[in-house]
Amino acid sequence: MQTLNDFNFENKKALIRVDFNVPLNSDFMVTDATRIEAAKTTIIKVLEDGGSAILMSHLGRPKGVEDQFSLRHIVDKVTEAIGVKVQFINDCVGEKAIQAAKNLQPGQVLLLENLRFYNEEKKGDNNFAEQLSKLGDIYVNDAFGTAHRAHASTAIIAEFFPENKCFGNLLATEIESINKVLTNSEKPVTAILGGAKVSSKIGVIENILDKVDHIIIGGGMTFTFVKALGGKIGNSLVEDDKISLALDILALAKAKNVEIHLPVDAIIADDFNNNATTQEVNTSEIPDGWMGLDSGSKTAEKFAKVIAKSKTILWNGPLGVFEMENFSKGTIALGNAIAEATANGAFSLVGGGDSVAAVKQFGFADKVSYVSTGGGAMLEMLEGKTLPGIEAILK
Ligand code: AMP
């Protein structure tokens with residue numbers, strides 16, 4: 001695996017694909033700079049070697065050039081995050097970009113305009129990738145969040161740097177963390193899969209059945225399994241077309257000696273609303289008119305016991321509708337159990353969309369081993385897929 005440390009960037013221009021697709025408020029201020037901060041060590045390594053850094057990213061989903069998606073909105077935040085004044089050029093290819101890159105001196109940083117102002121970026125256009133490639137000497141991919149896309153700047157461009165290409169620190173750490181769970185894991189390995197639907201996690205469940213000892217299932221997915229087992233789930237979320245699949249998963253897990261743990265009790269509500277009337281019941285005895293929106297206290301104890309004996313833990317997806325305070329307790333209890341296991345020496349990886357939001361919201365980010373920066377990319381890796389952005393560097 002080619003990483004930053006395989007290169008000396010002295011007098012070199014590093015063309016770094018970062019993922020600065022950060023949330024902005026209505027005043028175009030960055031509201032969460034995690035992704036910018038995550039690229040810092042890569043940029044600093046290049047500068048400390050005596051090189052310069054040209055940063056390229058997308059922001060949002062513009063249709064052509066749309067000022068609201070301009071990366072100029074984030075220049076000050078990038079400057080603040082890396083502690084080096086960042087220059088900006090309002091294009092990413094063409095004469096202006098080439099001149100700006102050419103003028104860049106060692107120790108300097110240039111941010112290019114939004115790559116997706118050109119639809120060639122998402123199409124993975126070869127010619128556009130070649131134009132981009134002219135800006136730098138060494139291509140560095142540090143954009144885990146888009147590594148599952150075969151876009152011009154994330155994958156196709158690597159062909160123009162047959163030797164001079166590598167992973168940035170962030171992408172390398174993401175790959176190592178996932179490998180630590182899926183391949184070099186210390187046993188017992190426990191995967192916790194929550195979130196809304198079985199259908200969006202099925203690929204992950206199938207792939208990890210060969211790699212884990214325990215699977216904890218939670219969130220909305222629970223009720224498809226409970227119904228499959230003959231339980232009464234009232235008006236809880238269910239995917240009726242996935243019932244036989246749920247039974248297949250349970251059978252397959254048994255055959256592979258993987259223990260599946262389902263919530264034994266639920267906080268049920270008479271409405272999908274934080275102020276709804278609630279009660280705690282067995283997961284398989286939910287009356288009509290009521291829906292399970294969180295896991296209950298017996299479940300918290302049961303899951304905590306499994307987690308306490310795990311040496312490797314993967315967490316993807318909340319155990320309830322954590323966005324509403326009254327249905328966040330199951331997710332918080334789970335976070336506490338994972339934090340405790342981590343403090344006792346387990347390796348814990350949290351990734352994939354909403355669990356990252358939950359971990360940050362409830363203050364667990366510093367108490368787990370690693371929080372992934374990629375949602376879709378993380379899920380695809382857990383599904384066992386080879387990501388184009390990773391493959392392009394390895395090739
Ligand atoms: P996902 O993106 O698949 O990880 O799903 C995350 C979403 O699942 C969150 O927005 C949660 O509110 C939602 N969720 C978790 N538990 C439940 C549940 N019991 N019923 C409905 N939605 C749920």
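So what is the relative contact order for the stretch 185-382, in percent, with contacts set as C-alpha pairs under 8 Å and at least six apart? If you can, show how the numbers build up before the last one.
Numbers: 434 pairs, mean separation 43.5, N = 198.
Contact order relative to length: 22 percent.
Based on DSSP H assignment, which helices of the chain show an axial Cα extent of at least 15 Å together with a mean Kyte-Doolittle hydropathy greater than or equal to -0.5? In the chain, the long hydrophobic H runs are 169-182, 243-255, 297-308, 329-343. For n ≥ 4 DSSP H runs only, could you compute -39500 (n - 2.57) per run for the chain, divide by its residues and tell me the 222 nm figure to the nearest 500? Only helices count here, giving -9500 deg cm²/dmol.
R0 = 41 Å: FRET efficiency of Lys254 with Glu48, Cβ-based, nearest 0.05? Provide the component values of the computation, followed by the final result.
Details: r = 53 Å, r/R0 = 1.30.
Efficiency, from the Cβ-Cβ distance: 0.15.
Treating the beta-carbon of each Lys and Arg as +1 and of each Asp and Glu as -1, no other charges, what is the dipole magnitude of the stretch 256-325 about its Cα centre, to the nearest 20 debye? Display every interim value, and only then the final one.
Numbers: 6 positive and 11 negative charges, 147 e Å.
The calculated dipole for the stretch 256-325 is roughly 700 debye.
Towards the positive end of the charge dipole of the chain, with charges on Cβ (+1 Lys, Arg; -1 Asp, Glu), say which of Ile307, Val109, Ala346 has the farthest Cα. Of the listed residues, the answer is Ala346. Dimensions of the chain along the principal axes, based on C-alpha atoms and rounded to the nearest Å, stand at 69, 43, 37, largest first.
Loop-located chymotrypsin sites (Phe, Trp or Tyr not before Pro) in the stretch 1-53 (DSSP state not H, G, I, E or B) with no more than 15 neighbouring Cβ atoms inside 10 Å: Phe28.
For the stretch 4-168, what relative contact order do you get, as a whole percent, if you take Cα pairs closer than 8 Å and at least 6 residues apart?
Details: 341 pairs, mean separation 45.8, N = 165.
Normalised by residue count, the contact order of the stretch 4-168 is 28 percent.
Scattering from the stretch 312-369 was approximated by placing one identical point on each alpha carbon and applying the Debye formula without solvent; log10 I(q)/I(0) at 0.14, 0.16, 0.22 1/Å stands at -0.31, -0.40, -0.76. Per residue, the solvent-accessible area of the stretch 99-176 (1.4 Å probe, heavy atoms of protein chains only, all protein chains present) comes to 36 Å².
With the chain treated as a Gaussian network of Cα nodes joined by springs under 10 Å, which of Gly94, Gly168, Gly292 yields the largest mean-square fluctuation? The residue with the greatest mean-square fluctuation here is Gly94. Taken about its Cα centre, the stretch 138-278 carries a charge dipole of roughly 180 debye when the Cβ of each Lys and Arg holds +1 and the Cβ of each Asp and Glu holds -1. For the peptides 80-93, 219-232, residues were scored by their other Cβ atoms within 10 Å and the scores averaged per peptide; the highest-first order is 219-232, 80-93.
Place a +1 charge on the Cβ of each Lys and Arg in the chain and a -1 charge on the Cβ of each Asp and Glu, then give the dipole magnitude about the Cα centre in debye, rounded to the nearest 20.
Numbers: 39 positive and 50 negative charges, 119 e Å.
That gives the chain a dipole magnitude of about 560 debye.
One compactness figure for the stretch 73-151 is 1.13, namely its Cα radius of gyration divided by 2.2 N^0.38 Å. Our summary gives the chain a relative contact order of 15 percent, counting only alpha carbon pairs under 8 angstrom and 6 or more residues apart. The simple spin-label model puts a point 7 Å past each Cα toward its Cβ; for Ala365 and Glu325 those points are separated by 2.2 nm. For the stretch 215-260, the Stokes-Einstein estimate of translational diffusion at 25 °C and a viscosity of 0.890 mPa s comes to 226 µm²/s, using the Kirkwood hydrodynamic radius over alpha-carbon pairs. For the stretch 171-245, the tally of Lys pairs with Cα-Cα distances below 29 Å comes to 18, considering only residues 8 or more apart or on different chains.
Put simply, the Cα atoms of the stretch 4-168 extend 41, 34, 30 Å along their principal axes, the longest span coming first. Using a simple spin-label model with pseudo-atoms 7 Å out from Cα toward Cβ, Glu66 and Lys187 lie 5.1 nm apart.
The values are calculated or read from the model by the stated rules, or taken from the named source; none is laboratory data. Keep in mind that what you see is a predicted model, and the values were worked out from it rather than measured. Every residue, glycine as well, gets a Cβ built from its backbone with ideal geometry; the counts of neighbours run over all protein chains shown. Side chains included, ligands, DNA and RNA excluded: accessible areas come from the protein's heavy atoms. Shrake-Rupley method; radii C 1.70, N 1.55, O 1.52, S 1.80 Å.
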